[in-house]
1. Just name the residue that is farthest from the other protein chains (Cβ to nearest Cβ) out of those in the stretch C:171-192 that are aliphatic (A, V, I, L, M) and surrounded by fewer than 12 Cβ atoms within 10 Å (Cβ to Cβ).
2. Counting only residues that are charged (D, E, K, R) and in a loop (DSSP other than H, G, I, E, B), how many does the stretch A:99-114 have?
3. Does the stretch A:63-83 include one or more residues that are surrounded by 17 or more Cβ atoms within 10 Å (Cβ to Cβ) and part of a strand (DSSP E or B)?
4. The conditions are (1) without any contact (Cβ under 8 Å) to a residue 60 or more places away in the chain; (2) open to solvent by 80 Å² or more (accessible area, probe 1.4 Å); (3) within 14 Å of another protein chain (Cβ to nearest Cβ); (4) assigned to a helix (DSSP H, G or I), and C:L215 fails exactly one of them. Which is it?
5. Is it true that some residue in the stretch C:250-258 is open to solvent by less than 10 Å² (accessible area, probe 1.4 Å) and under 29 Å from the mean Cα position of the chain (by Cα)?
6. Determine whether C:S85 is of a type outside the set (A, V, I, L, M, F, W, C) and at pLDDT 90 or above.
7. Suppose we filter the stretch A:129-160 for residues that are in a loop (DSSP other than H, G, I, E, B) and either more than 30 Å from A:M330 (Cβ to Cβ) or open to solvent by less than 10 Å² (accessible area, probe 1.4 Å) (or both); how many remain?
8. Tell me which residues, restricted to the stretch C:345-379, are open to solvent by less than 10 Å² (accessible area, probe 1.4 Å) and of a type in the set (A, V, I, L, M, F, W, C).
Amino acid sequence: MLRKDFCVAVALLGAAVAVPPAVAARGRDYISIVGSSTVYPFATTVAEQFGKTTRFKTPKIESTGSGGGMKLFCAGVGIETPDITNASRRIKQSEYANCRKNGVDRITEVRIGYDGIVLANSKEAPRMRLSRKDIFLALAAEVPVSGKSGRLVPNPYRTWKDVDPALPDTRIEVLGPPPTSGTRDAFVELAMQGGCSTFDWIKALKTTDKSRFKAICHTIREDGAYIEAGENDNLIVQKLEANPRAVGIFGFSFLDQNGDRIQGSLVDGEEPSFDNIASGRYPVSRPLYFYVKDAHVGVIPGMREYIAEFTSDRAWGEDGYLADKGLIPMPAGERRKYAADAAALKPLVLE
Amino acid sequence: MDAAQAVLKISDMPFPAVDEQQGTVEGAGPAPRADNRDTVGEPFVEDPRMTCRDVNVYYGEKHAIRDVSIDIAHNEVLAMIGPSGCGKSTFLRCLNRMNDTVDTCRVSGRILLDGLDIYGRLVDVVPLRARVGMVFQKPNPFPKSIYDNIAYGPRIHGLAESRSELDGIVENSLKKAGLWQEVHDRLDQPGTGLSGGQQQRLCIARAIAVQPEVILMDEPCSALDPIATATVEDLIAELREQYTIVIVTHNMQQAARVSRRTAYFHLGALIEVGPTDRIFTNPRHRLTEDYITGRFG
Amino acid sequence: MQMNDKAQTTMDVVHRGLARRYRRERLFRRLGLTAVLVSIGFLALLFASIVANGWTAFQQTEILLDIDFAADHFDVDNLARANYSALVKQGLRQLFPDVRGRKDRRRLYRLVSSGAAFLLQKMVMQDTSLIGTRQRVWLPADDEVDMLIKGHISRVGPESQRRLSDRQIAWIDHLTALGRLKKRFNTTFFTAGDSREPELAGIRGAMTGSLLTMLVTLLLSFPMGVAAAVYLEEFAPRTWWTDLIEVNINNLAAVPSIVFGLLGLAFFLDVLGLPRSAPLVGGMVLSLMTLPTIIIASRASLKSVPPSIREAALGIGASRMQVIVHHVLPLAMPGMMTGTIIGMAQALGETAPLLMIGMVAFIVDVPSTLTDPATVLPVQIYLWADAPERAFVERTAAAIMVLLAFLICMNGLAVFLRRRFERRW
């Protein structure tokens, strides 16, 4: 009896191994999307709508991070590679070159809207009013000594009051994403770099010694004031509720969903609100993109229709369903331009 | 079985001549000194079933059996006695090559079964063990039904053509083992559910079922109570009509009761062999005498 | 006299030491009991917090609407094209005829899930006789409404910071008073695949994915693991070469699971060209991970088969293979199955290796074959835990409860198999 079992198992094993090549050779009837975890909630919403309202299958969306997505996307042309990659930043020159090297030479870039990065704390504490300079001074590993050009000291500030007498006398305790996160990249680039550029001598370095400039502006302190809270933004929100003294850093959609528990800090006098981010007044915001592999359009069913769904006003418009999910829409003019480019599959050219 | 017999014919070798020097040992007058490790008594018989010559066994570096030569006659019960660790069990296990399963074990010398060297290159251990069956110290029935315990051997060797033939073998074996009366109405129940004595008789029946020529018994009663022991001893007495039996025992009374000849082992050497009543009444070797009079052991 | 004295002192010494010996024994027993209680306490805490968070997910707020499936809405040849959301909106307007103005109406429509229209579509497609009738239909409420009813978001505080406005709350209260808004058993959670709308999201896709993946893992790792264990334990000679293999197997059991994911990516996807995100590849990767566990458990249970059984079989002339197949394997099987199930349970909870082969993905359709894109339960938990919508918090906990139930079932099966097939000798 046991021998029979073994035979059955071996037969099944053989069958299991024999099946895949046949399947792999067959076409793919769903769109494969990879990329940024920031764009993931929006792309999945569109994908679901697309799957329900068209005759096509619901696309498969992997959350790989912007960089990981680009790597997979640029690996080549063919059904085993993804058709679309989402990104919370623009494609880099090096990634573009890699794409071209692997035969992915026609890419269409679609900008879908904006995402704000907010600093927020519990409603039990007073609302913070920060400037980007405050953010930089509170979180950088090394800060300039006031008045002296070119001198840096390890960050001496312990409380917010140390940074700016107008701020509350509480310990600096910031929960934020780890270096692997796109939110962290954007935060460093927009908030920290914006803050350190207020020092003239550092700003001057940007043209003379770019690597030093980056080292000063992009390095976050590691003495315990900045706490890496993992990729899970929900967790940060929960921790903020439990600890009213802490400040958290995450995407706008989490503030939007939890407005009754936490409040967004003002940055440079601007509140992180839907309108402020949309109008560009709130300084810490970034555009979001997706990139289409043109060679797959017409090969994988539904590509055009998916792009059309994403770029329709009912999706990314001011009252569209993506706005409900926390995406900050682009102005109508930009939307029209990108929708037209996307429909025409206008190839991206990076100079 | 067929294969083994074919092998037997191919390697039909001449009967080895009895060693001259060992022949002189027999009938020596004065009792040998205690440090004399040569075998005294009558180790050899005419027309033996099994012949062992200069058998040495090593476990790795340890020399467990030293130069043992002995014959085993047809339809006799040979008892092997001796203090713990004297090598009697080791020697017994050489007789059906059970020592093969121990990686570090090495056997030299010759052991012949009906003239065939069982350690010969062409000999297959599987049919050999069907011809030389074994019963172990602790009753070890398979965790299967009583029927399947007995039928297992005939099944794997293909001894029964049909189910009814197999039923016959099972019944016959159980009858020979004196167990039929006790278990004939519950053959489908697990063999492990029987009492210790019954289990041991079941193991004997299992060994008989493949119609062996020799049955090796390794202290078959040491795990049994006196009543069960008596039943098994009666069984051995009956079996010797048809089988050659080699039994290792700690119990000298048992050796005296069941065996015709007795071999005394000491520290890996065969000290003395002779008719059982002579060994127990008139041992020739000092070591044998010390052992049976209880001075050590 | 002298003897008596001596006995007295011996007993004194014994008695003096006795108290200390018993004290030590008591201390050790108490330590053990404390350890057990502490671990039970933590387990209870974990379960309590998950159940407390998650039990509400098994209910879903629904709204009863009168839907008029008027025939002029439908084109019989193309039922999919009908405007089903208009039907939902019409149903809502009937209940609140005095709500006017575009903005207010939009707010009103938001009370019902955006998935309601698809639900009506499905109803009509399944039963065309509905066309031309009026039906009372329970439709899922939006997740915000659901959260309010369940008390997860507050109705106080400034309106601007709330997800629901004062008017919306008033409508909800009105519907509740009419008996048209109720919490009902959430069947969607068990019948649907993933969704971005919490009220439409279910775990069936992830559960099916887990089952398919586990099936592949079982079919690959069990026969291979048992065969490897039998070979190593029964046939392989003891040489430095087999020692090396043994050391490596023990090492493999401790390798972080992500490494197997990387191997899967490099070999199964890039070299063999198998599809991404497929349960087939997931199962293959996980079987790499469980193989060492199964081999180690199987070898241990082979070792525990008493030598007397082997001897008995050898003694009547069974060949080595017969000894193994007829006697050793059946006796070792319960232990092997237990090891396999424990390995499988471990694999069931893995996400890291699946990340590398694309199974951490948003997949709506329930997979039906081994090569369909699929995700698994722990991945679904991971994805939901990261979703911004508040309603996903309880669904995450509910999914954890389902995963725990799965694990308890598997471990229960292991215990059952052990009891059922264990043989005494």
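The values are calculated or read from the model by the stated rules, or taken from the named source; none is laboratory data. Here the structure is a predicted model, which means the values were calculated and not measured. Positions of Cβ are generated from backbone atoms using ideal geometry, with glycine treated the same way; all protein chains shown enter the neighbour counts. Only protein heavy atoms, including side chains, enter the accessible area calculation; ligands, DNA and RNA are left aside. Shrake-Rupley method; radii C 1.70, N 1.55, O 1.52, S 1.80 Å.
1. Applying the filter and picking the extreme gives C:L178.
2. Within the stretch A:99-114, residues that are charged (D, E, K, R) and in a loop (DSSP other than H, G, I, E, B) number 2.
3. No: the stretch A:63-83 contains no residue that is surrounded by 17 or more Cβ atoms within 10 Å (Cβ to Cβ) and part of a strand (DSSP E or B).
4. Looking at each condition in turn, C:L215 falls short on (1).
5. Step one: filter the stretch C:250-258 for residues open to solvent by less than 10 Å² (accessible area, probe 1.4 Å), giving none.
No: the stretch C:250-258 contains no residue that is open to solvent by less than 10 Å² (accessible area, probe 1.4 Å) and under 29 Å from the mean Cα position of the chain (by Cα).
6. no
7. Qualifying residue count, the stretch A:129-160: 12.
8. Matches in the stretch C:345-379: C:A347, C:L348, C:L354, C:I357, C:M359, C:V360, C:A361, C:F362, C:A374, C:V376, C:L377, C:V379.
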